[in-house]
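Below is one structure, written out as structure tokens; comments come after it.
The values are calculated or read from the model by the stated rules, or taken from the named source; none is laboratory data. Quick caveat: nothing in here was measured; it's all calculated off a predicted structure. Heads up, the Cβs are rebuilt from the backbone with ideal geometry, glycines too, and the neighbour counts pull from every protein chain shown.
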Amino acid sequence: MSEIAAALLGFAGGMVGGLLGVGGGILFVPALVIFMDESQVSAEATSLLAIVPVAIVAVWRQLGYGNVRVRDGLVIGALSPVGVAIGVVTSNEISQRALELIFAGLALVIATQLLLRALRPADRPSD
Amino acid sequence: MQRSPAATSRTVKLAAIGTAGGIFSGLLGVGGGSVIVPLLIIWLGYGAREATGTSMMAIVVIAAVAVTLQAFYGNVDPPNAALVGVPAIAGAFAGTALQQHIPERLIAVLFAVLLVLVAIELIVP
């Protein structure tokens, strides 16, 4: 039963991922923690493995739709390992709780900016 | 036109987005997309669809690097990854197809909702 629930959340995660351009970890991680009894750390690591094929399929489809700026994506991807290294080191130096709260605040600020942009009149050129 | 400074500024922004996405991914295990997509829209003026497609290109690299590092710590469970990942591949087909039929503004609004959910997931212990 729990396997079926995890698989369903996996499908939903892939769908959200394809729709919004994220890997799907936001659903994979809870699916693995709640239904497959993985620890948070292990679930996050396992989730990353599940994200790889999701991202490959999504890129393939989006290339077909003409929605990928390949060079920009590769620049971002190529420089991200620097960030990953910083992240891994930092996570061992600073309290995880502090990091979670900082990122939560950041997410809310970005969400507000996105909403403000989405709600502003369409015919106005960007400032 | 200040072409050269603009091009430099653009590359710096891409670099910053890559680093921020990597930090997010390395720290929290949530793919860097939740950072990359909105920053492409807000900083570089991407349309929402282009932002999501380009983000996925970066995520292929980011997730591959991060999972390799995590594998050294023995934290990865491949059977469980397949359990959620295989259905997720079908989901990704459906999600990208659906995305082509909804307005870009709705994509941005849905993304804002996703970010609020991410924030809640981070805040709730």
- [ ] With the checklist (1) in contact with a helix residue (DSSP H, G or I) (Cβ under 7 Å, 6 or more places away or on another chain); (2) closer than 20 Å to A:I110 by Cα; (3) at the interface with another protein chain (Cβ under 7 Å from one of its Cβ atoms); (4) among the small types (G, A, S) in hand, flag the one item B:G47 doesn't pass.
- [x] (3)
Task: Hey, A:S91 of a type in the set (S, T, Y), more than 27 Å from B:A88 (Cα to Cα) and free of Cβ contacts under 8 Å to residues at least 12 places away in the same chain or not - done: yes
Open item on the list: Step by step: first the residues of the stretch A:61-101, then only those that are of a type in the set (S, T, N, Q) and modelled with pLDDT under 90, then the one that is surrounded by the fewest Cβ atoms within 10 Å (Cβ to Cβ). Which residue is that?
Closed with: A:N92
TODO: Test B:L69 against the stated conditions and say whether it is touching a residue at least 12 places away in the same chain (Cβ under 8 Å) and closer than 22 Å to A:L48 by Cβ.
DONE: yes
